[in-house]
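Report on one structure; see the data block that follows.
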Amino acid sequence: MEVQEAILERRARRMLNSGRRIRENEVLSLVEAAMLAPSCFNNQPWRITFVSEEGMLSKLKTALSKGNEWATAAPLILVVASKQEDDCVIKDREYFLFDCGLAIGQLVLRATELGMIAHPIAGYDPEKAREVSGIPEEYTVITLVICAYPGEDDALLSEKQKQAEKERPPRKPRGETFFRDRWGSPL
């Protein structure tokens, strides 16, 4: 699959195949995709915990917020963490969050290429995720990434989520978010 195909195919899907495990070679392929992401001065500030052991996964799933019940079907959840001190701070610009986003973006595209779903979420209790996965206090838990193969069962989805599975949510018009030469001058 070409990169452009993965970009077009990628969706934040929620219908997961709970019975299909993600193999170790696939996990390592996701790791490699994230490892090769660019970062400020090659600092590589991301720390990603891959949680797949049943007991640990069960505990981590208790950190999910209401509305993310669909994620309980996942055989793999990533906990992404970093700290400001591990990356560039240039005046008031802190790069650790940006660089982690680059790594997860590459991981998500690789998962898509492998036929998997890798869905970053914001709806979780970061302190509970930290506690369960043993992340030191000085790190910021940035996101969880729900990983699975696509499934057919929509029983864990709300009506709104079921609709979102059917078609890609609309994007803002290009002229609203992309500019040429000067802010507000649509591309």
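Descriptive notes on the structure:
- 12 Å beta-carbon shell around residue 33, net charge (K/R +1, D/E -1): -2
- J(HN,Hα) series, region 65-80, from Karplus relation 6.51 cos²θ - 1.76 cosθ + 1.60, nearest Hz, glycine and proline x: 7, 4, x, 10, 4, 3, 6, 5, 7, 6, x, 8, 10, 9, 10, 9
- Percent RCO, i.e. relative contact order, over the chain, from Cα pairs under 8 Å lying at least 6 residues apart: 31
- Karplus (6.51, -1.76, 1.60) ³J(HN,Hα), θ = phi - 60°, over region 42-59, in Hz, Gly and Pro reported as x: 6, 6, 6, x, 6, 10, 10, 9, 9, 9, 9, 5, 3, x, 5, 4, 4, 5
- Summing Cβ point charges (Lys, Arg +1; Asp, Glu -1) relative to the Cα centre of region 100-187 gives a dipole of roughly 620 debye.
- Karplus-derived HN-Hα couplings along region 170-187 (A = 6.51, B = -1.76, C = 1.60, θ = phi - 60°), whole Hz, x at Gly and Pro: x, 9, 5, x, 3, x, 7, 10, 10, 10, 10, 6, 8, 3, x, 8, x, 6
- Loop-located chymotrypsin sites (Phe, Trp or Tyr not before Pro) in region 81-185, at most 14 other Cβ atoms within 10 Å (DSSP): 178, 183
- Taking 4.7 Å between beta carbons as the limit, the unpaired Cys residues of the chain are 100, 147.
- At most 13 other Cβ within 10 Å, DSSP loop - GluC sites (Glu not before Pro), region 83-151: 137, 138
- Loop-resident sites, region 18-97, for trypsin sites (Lys or Arg not before Pro), counting at most 16 other Cβ within 10 Å (DSSP): 20, 21, 23, 66, 83, 91
- Only DSSP H runs of four or more residues enter the estimate; each adds -39500 (n - 2.57), and after division by the residues of the chain the mean residue ellipticity at 222 nm equals -10000 deg cm²/dmol.
- Residue 17 long-range amide H proximity, modeled H, under 5 Å: 149, 151
- Rounded if a/c under 1.5, otherwise prolate or oblate - region 136-187, Cα gyration tensor axes: oblate
Read the figures in this text as sums done on the coordinates, not as results from a lab. Since we're looking at a predicted model, the values are computed, not measured. Methodologically, a virtual Cβ is constructed for each residue, glycine included, from the backbone with ideal geometry; neighbour enumeration extends over all protein chains shown.
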